Amino acid sequence: MSRFEYAPAPESRAIVDIKSSYGLFINGAFTEATDGKPFKTVSPASEEVLAEISEAGPADVDKAVKAARKAYDKVWGTMPGRDRAKYLYRIARLIQERSRELAVLESLDNGKPIRESRDVDLPLVAAHFFYYAGWADKLEYAGAGENPQPLGVAAQVIPWNFPLMMLAWKIAPALAAGNTVVLKPAETTPLTALAFAEICQQADLPPGVVNIITGAGRTGQALVEHEGVDKVAFTGSTAVGRAIAKSVAGTDKKVTLELGGKAANIVFEDAPIDQTIEGIVNGIFFNQGHVCCAGSRLLVQESVYDEVLARLKRRMGTLRVGDPLDKNTDIGAINSAEQLARIRELSQVGEDEGAERWSPECELPTQGYWFAPTVFTGVSQAHRIAREEIFGPVLSVLTFRTPAEAVEKANNTPFGLSAGVWTDKGSRILWMADQLRAGVVWANTFNRFDPTSPFGGYKESGYGREGGRHGLEAYLAH
Amino acid sequence: MVWRPTLPTKDSARLDVRKTYKLYVGGAFPRSESGRSYVVNNARGKFLANASQASRKDARDAVVAARKAFGGWSGKTAYNRGQVLYRIAEVMEGRHEQFSAEVAAAEGLSISKARAVVDAAIDRWVWYAGWADKLAQVVGSSNPVAGPYFDFSLPEATGVVAVLAPQDSSLLGLTSVIAPAIVSGNTVVAVTSFERPLPAVTLGEVMATSDLPGGVVNILTGSASEIGPWLAGHLDVNAIDLAGVTDPEEATALEVAAAENLKRVRRPVDEDWTESPGLSRLTQYLELKTVWHPIGV
């Protein structure tokens, strides 16, 4: 098969201005950390150090929570909804204006392809603020009673896979509902959150309404466990989610948890094959598979298994892995050395347990953290690669004969975040959607997100919803 | 004259037949597998009956029964579930005097006050019955996404809900924690008030004759302090209601145990069971499912 060659088409990084070091954004200003050691954030595509970041220690966390409390009591909690709305609209516009810069910064710090940060992340970030801005003066219509009240100070801890988008999912509904926030971005991807702090300044958001503190797990733990916090919102691993659920036991803190997944992507024999192959690829290779709702378990009906596999492999052969800033790149860098080690380890376990591993020929850069798109066949439900979240570009393929068997296998997991169904038969789509125990079901599509559309898990994928009217309820007392 | 099922009536020539109070698990009325029972006195300390004292094994059996019943119950039409809940109210009405006597004895109320409590409990079943086929419209949504997709969100039952029922309100409180869980399709394992378990057993008898499938509600009499931790830590239980836990430290320990599989936890708060319950307990045991499909020709 002939292949088109592509000339490099890099997006310029001249548009971003990264400072050599960053403080903590507390009470409207960047401040030096009082305790904790600084750490570096690197570009996972090159291992180049991008900036030095401050680690917030307990005293800094305390300062941030107090700033948020003061802002809640004095300004934000009492501000008319229409004014909160205007601030959020301002923020949405500022994000749109600086969208290209933020997309480049995101790709640099995270390793995701510019095509995704530019066309998916940033438009959704702006849309999220725009959507929740409109709710701020309409809370009494949100279904949380006639006189809904904010909760107070929200502690928000977000992951590294969609740094700015997760920030938007957390901050926009919290602020719309009248809460103030202290948000901690992931230690490997703090830069866009720090750029967002600057946007808050440009929007003249009152000091203390949004506080951004950086650091790793210890900082997050100190934040979540702080006595002055009324609400905890976390997106990340099920293990950390479980620890958070334990740590808030016996308090009055409200909690929403958006945790891991091991989604089944189910392909029936009558599925529209071209869309399905694109859907499978998008399901698992989008964002290097660093997606909690990734379609990481492909369930294929036996009668079309050979055809689906052959076409999937052919399509995988055309995926371009490399420079995240190149506009032709499909798969960027793995976010960190630690995550790369985890993907390698679980893939090795897959081989050791007897599944067959395949990757297309693909040249990986020598610097940075890279993993070729990989598919495992001959996977059984007992294999670890069918049970555990790999959080990388690794697909496990299983088969089924009947719809009932597909449901049985799809639901055979402690997770329940998402699922996909591919079939031309309408009644079967609705039956499957009804049977699948997952918070989001994509039928004949996958990995779609929208601010109006509630997102969140069943079972050990967590609780609470983000997006839509339901996402607002998570920040209201009722 | 008030019919008192558990107390011998002195002035009657006939010696009445007393009831054995047992557990209600999987639609049957077993004794505790442990063989244990405990003395239940009325509010004045006079012997009423020996109740079965449920064990850890009984709790696990009840979870198995509840899980087995979940698919069928949650898969019924909302209209059907609403009718079954309404049927519970109908059958309770027929046993009004029995419930009133039991509530009076258990809670130390005058018979007229006990009757008012039973009225409220029956009315609560009627109220919740009506929610079955309205919930999806009230808490679901159609989502106007920015793209050619049809996108909607619907509530579904969470799964198996463990309920540690109120200790004080033996019938109205119990009803107020079971009904909101089962109306949406959840199945329940309930641990009753320890000192006031008898109305709960009679409620189980009502359920057994109200077209409620076996296993949808399982009622364990005994100690929540003893059985609660096993239910809180059980990996096939999806949610737990700590309504009847009065000791804050115990509640914290149960919440910690429940975190193991990310159970949905309802923390205990002071509640007035006579007040209109609102939707919060009902929505606590719901999962929202969002479905996307492309629009095109």
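Bear in mind these aren't lab numbers, they're just calculated from the coordinates by the rules spelled out. Everything numeric in this text was worked out from a predicted model, so none of it was measured. FYI the Cβ positions are ideal-geometry reconstructions off the backbone, even for glycines, and counts take in every protein chain you see.
General remarks:
- Estimated 222 nm signal from helices in the protein assembly as shown, with DSSP H stretches of n ≥ 4 weighted -39500 (n - 2.57), rounded to 500: -11500 deg cm²/dmol
- Enclosed volume per residue, in Å³, of the convex hull spanned by Cα atoms of the stretch B:1-153: 173 Å³
- Using a Förster distance of 56 Å, the FRET efficiency for A:GLN348-B:ARG31 (Cβ separation, nearest 0.05): 0.55
- Under 20 Å from the A:TYR141 label point (7 Å along Cα→beta-carbon), backbone N, the stretch A:448-472: A:451-454, A:467-472
- Inter-chain Cβ neighbour average for residues B:259-269, partner chain, 10 Å: 5
- Seen from B:TRP273, the other residues with C-beta closer than 15 Å to its C-beta sum to a net charge of -4, counting Lys and Arg as +1 and Asp and Glu as -1.
- Cα-centre dipole for the stretch A:325-478 with unit charges at Cβ (Lys and Arg positive, Asp and Glu negative), debye to 20: 540 debye
- Centroid-to-centroid, using Cα positions, the stretch A:202-275 and the stretch A:89-157 are 15 Å apart.
- Computed label-point distance, nm, for sites B:THR77 and A:GLU5 using a 7 Å Cα→Cβ extension: 6.6 nm
- Inter-label distance, B:LYS57 to A:GLN96: 6.8 nm, where each label sits 7 Å from its Cα along the C-beta direction.
- Note on B:PHE150 and A:ARG314: with the Förster distance fixed at 25 Å, the Cβ-Cβ geometry gives a FRET efficiency of about 0.20.
- A convex hull fitted to the Cα coordinates of the stretch B:150-249 yields 122 cubic angstrom per residue.
- Calculated FRET efficiency for the pair B:ASP211/A:SER427, C-beta based, R₀ 30 Å, to 0.05: 0.55
- Rg over Rh for the stretch A:79-164 works out to 1.06, both radii taken from alpha-carbon positions and Rh defined as the Kirkwood radius.
- Summing charges over neighbours of B:SER225, with a neighbour being any other residue whose Cβ is under 12 Å away from its Cβ, gives -4 when K and R count +1 and D and E count -1.
- Two tests apply to each whole DSSP H helix in chain A, Cα reach of 18 Å or more along its axis and mean Kyte-Doolittle hydropathy of at least -0.5, and the ones passing both are A:122-135, A:163-176.
- Across the stretch B:197-297, the convex hull enclosing all Cα atoms gives 188 Å³ per residue.
- Ignoring lysines fewer than eight residues from B:LYS134 along the same chain, the ones with Cα atoms less than 20 angstrom from its Cα are B:LYS76, B:LYS289.
- Counting all C-alpha pairs of the stretch B:66-294, share separated by more than 24 Å (%): 43 percent
- Of all DSSP-defined beta bridges confined to the stretch B:66-294, some 40% are antiparallel rather than parallel.
- Hull-based mean projected area of the protein assembly as shown, where the convex hull spans the alpha carbons, in square nanometres: 34.3 nm²
- Inter-label distance for B:GLU271 and A:ILE15, nm, one decimal - labels placed 7 Å from Cα along Cα-to-Cβ: 5.3 nm
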